[in-house]
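Enquirer: Okay, here's the structure, questions in a sec.
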Amino acid sequence: MGGVNTAGVRAEAEIRARADGRGGTALPVLESRGPLALRRTRGSGATAHVSVVGAMSGPHGGDHFTVRADVGTGARLRVGSAAATLALPGQHGGRARQDVRITVAAGGELHWLPEPLISVRGSELAVHTHVDSESGARLVLREELVLGRTGEAPGRLTSRLTVRVDGRPVLDQELDCGPGAPGGWDGPAVLGGHRAAGQLVVVDAEFTEKPIAPGVPADGLAVLPLSGPAVLVSAVAPDALRLRRLLDRAPASFTPASPVSA
């Protein structure tokens, strides 16, 4: 991949969610710098809602964005974004980076549900989402990637997702696609000609008592139980709209696995 352009923009955002002692969730830290802006929005019940707003376009080539979210015991947080993120070519070229660091304590709950990331022609972006969860935490994380705008070839996009529970790896996978990516990314074993790919990761202690059965509930949608306990739902689709519809069907596909006969 191309070299990182040190002339790019640096942007950071940090969220800390804590139980407020009254059955709700406080946000003692809600800080953002650069073209990332955090806004607390109207929540529901004990859950605090935060939206990530891009004050400028990007990331562009050479930019480095970092977002951190830390959810404490008893806190409930839902994070979304105001619009899709566009990975754009930079004026001076080079690769952009976006790092997301998430921690969820036992008894905490996080719903991480951003809008899609769109890889624009000529862009080059590497994204790494790293999650550390404790046993007894609940996590729902959605990632949606779209290769190119309508009728447009994609840029280079590398996305890695790492999930650990109590320090144990539950999931560590990477998707590398677009111009310059290793061969086969558009073949039947990966995207199969589709231009949108997404995944939903759910970490929930309930899966210990009610294991999830693997399956293919719809064309382009697959359910895979993980240790943790957790489940991974993966989807591919021709476009972002169909991808979201597939992922929105996922919770209905979480059916207990049939008991194994002795």
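Enquirer: Please state the relative contact order of the stretch 55-129 as a whole percent: Cα pairs under 8 Å, 6+ residues apart? Before the final figure, lay out each step's value.
Expert: Values: 172 pairs, mean separation 32.4, N = 75.
Computed value for the stretch 55-129: 43 percent relative contact order.
Enquirer: If you place +1 on the Cβ of every Lys and Arg and -1 on the Cβ of every Asp and Glu, how big does the dipole about the Cα centre of the chain come out, in debye to the nearest 20? List each step's numbers first, then the result.
Expert: Details: 28 positive and 26 negative charges, 120 e Å.
That gives the chain a dipole magnitude of about 580 debye.
Enquirer: Here's something else I'd like to know. What is the Cα convex hull volume of the stretch 121-262 when expressed per residue in Å³?
Expert: Taking the convex hull of the Cα positions in the stretch 121-262, it is 123 Å³ per residue.
Enquirer: Beyond 28 Å, how much of the Cα-Cα pair distribution for the stretch 1-142 remains, as a whole percent?
Expert: I get 21 percent for the Cα pairs in the stretch 1-142 exceeding 28 Å.
Enquirer: Work the Kirkwood hydrodynamic radius out for the stretch 80-139: mean of 1/r over every pair of different alpha-carbon atoms, inverted, in Å. Mind showing how you got there, number by number?
Expert: Working: mean 1/r = 0.0742 Å⁻¹.
After inverting the pairwise mean of 1/r, the radius is 13.5 Å.
Enquirer: Another question, if that's okay. To one decimal place, what orientation-averaged projected area in nm² is obtained for the convex hull of the Cα set of the chain? Before the final figure, lay out the partial values.
Expert: On the way: hull surface 59.9 nm².
Quarter of the Cα hull surface area: 15.0 nm².
Enquirer: Ignoring solvent entirely, what values of log10 I(q)/I(0) come out of the Debye formula for the stretch 102-179 at 0.13, 0.23, 0.27 Å⁻¹ when each Cα is a single scatterer?
Expert: Result of the Debye calculation: -0.47, -1.00, -1.21.
Enquirer: What list of ³J(HN,Hα) couplings, whole Hz, do you get for the stretch 62-68 from phi and the Karplus terms 6.51, -1.76, 1.60, once you set θ to phi - 60° and write x for glycine and proline?
Expert: Here the 3J(HN,Hα) series is x, 6, 9, 9, 10, 10, 10 Hz.
Enquirer: Pop out the carbon and sulfur fraction of the accessible area of the stretch 69-194 as a percent, whole number, probe 1.4 Å. Show your work: numbers first, answer last.
Expert: Working: 2470 of 5240 Å².
That fraction is 47 percent.
Enquirer: Dividing the alpha-carbon radius of gyration of the stretch 8-62 by 2.2 N^0.38 Å (N being the number of residues), what value is obtained?
Expert: On the way: Rg = 13.7 Å, N = 55, 2.2 N^0.38 = 10.1 Å.
The reported ratio for this selection is 1.36.
Enquirer: Now for a separate question. What number comes out for accessible area per residue over the stretch 74-139 if the probe is 1.4 Å? Units Å², please. Kindly include the intermediate steps, with their values, before the conclusion.
Expert: On the way: 2600 Å² over 66 residues.
Value for the stretch 74-139: 39 Å² per residue.
Enquirer: Okay, next question. Compare the Cα positions of Ala230, Gly167, Pro217 along the charge dipole of the stretch 158-262 (+1 at Cβ of Lys, Arg; -1 at Cβ of Asp, Glu; about the Cα centre) and return the one farthest towards the positive end.
Expert: Pro217
The values are calculated or read from the model by the stated rules, or taken from the named source; none is laboratory data. These numbers were taken from a predicted model, which means no experiment stands behind them. In this analysis, Cβ positions are derived from the backbone assuming ideal geometry, glycine residues included, and neighbour counts consider all displayed protein chains. Accessible surface areas use protein heavy atoms only, side chains included; no ligands, DNA or RNA. Shrake-Rupley method; radii C 1.70, N 1.55, O 1.52, S 1.80 Å.
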